[in-house]
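Peer 1: Below: one structure in structure tokens.
The values are calculated or read from the model by the stated rules, or taken from the named source; none is laboratory data. Everything numeric here is computed off the predicted structure, so don't read it as measured data. Cβ placement follows ideal geometry from the backbone for every residue including glycine, while neighbour counts extend to all protein chains displayed.
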Amino acid sequence: MEGNHYYGTGRRKRAIARVRLVAGTGKMMVNNLDIAEYLGGLIDTQLAIVQQPLVATSTIGRYDVLIRVGGGGKIGQVGAIRHGIARALLESNLEFKPILRKGGFLTRDPREHERKKYGLYGRRRRFQYSKR
């Protein structure tokens, strides 16, 4: 392939997305599938979330986005993809930093799931209390 490649790694919950931006026409491939095919029924709102960094920086048709994502669920993967695209855009042009920072695309969401505690069914679920 010709042109420059820009890489970014995004994370959200348990999902990790490795994003590569290549000069192109704007197609998005996730795990060798078109993004619409990969997301399935979530396409309307989730595609908009994935494209937010590209729309904010006005680079929506300038790059082909090639993504490898794994772990977590679909919503976590969508957040990881958005984070990875923002990091790759920052690598391509440092002038995008104020735009991406203001939109909150460079900040990794720190929320993770709580661990299971001993003596409980799960992280918070307790045994049923009975007075007698």
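Peer 1: Taking ILE16, is it within 29 Å of GLU114 (Cα to Cα) and crowded, with 18+ Cβ neighbours inside 10 Å?
Peer 2: yes
Peer 1: For GLY76, which of the numbered conditions (1) under 18 Å from TYR6 (Cα atoms); (2) touching a Lys or Arg at 6+ places or on another chain (Cβ under 6 Å) fails to hold?
Peer 2: Unmet for GLY76, out of (1) under 18 Å from TYR6 (Cα atoms); (2) touching a Lys or Arg at 6+ places or on another chain (Cβ under 6 Å): (1).
Peer 1: Any idea how many residues of segment 15-46 are charged (D, E, K, R) and either at pLDDT below 85 or over 14 Å from ILE85 (Cα atoms) (or both)?
Peer 2: Final tally of qualifying residues: 3.
Peer 1: Count, please, the residues in segment 34-69 that happen to be part of a loop (DSSP other than H, G, I, E, B) and touching a strand residue (DSSP E or B) at 6+ places or on another chain (Cβ under 8 Å).
Peer 2: Within segment 34-69, residues that are part of a loop (DSSP other than H, G, I, E, B) and touching a strand residue (DSSP E or B) at 6+ places or on another chain (Cβ under 8 Å) number 1.
Peer 1: Separate question: Across segment 80-123, what is the total count of residues that are basic (Lys, Arg), within 11 Å of the chain's Cα centre (by Cα) and in a loop (DSSP other than H, G, I, E, B)?
Peer 2: Here the count works out to 1.
Peer 1: Separate question: Could you tell me whether ILE75 is part of a strand (DSSP E or B) and either under 11 Å from the mean Cα position of the chain (by Cα) or crowded, with 21+ Cβ neighbours inside 10 Å (or both)?
Peer 2: no
Peer 1: Moving on. Just to verify a result, which residue in segment 57-72, among those that are under 14 Å from VAL22 (Cβ atoms) and hydroxyl-bearing (Ser, Thr, Tyr), is surrounded by the fewest Cβ atoms within 10 Å (Cβ to Cβ)?
Peer 2: Ranking the qualifying residues of segment 57-72, first place goes to THR59.
Peer 1: Give me the residue from segment 99-113 that is touching a Lys or Arg at 6+ places or on another chain (Cβ under 8 Å) and in contact (Cβ under 8 Å) with a residue 40 or more places away in the chain and, out of that set, farthest from THR59 (Cα to Cα).
Peer 2: This residue is HIS113.
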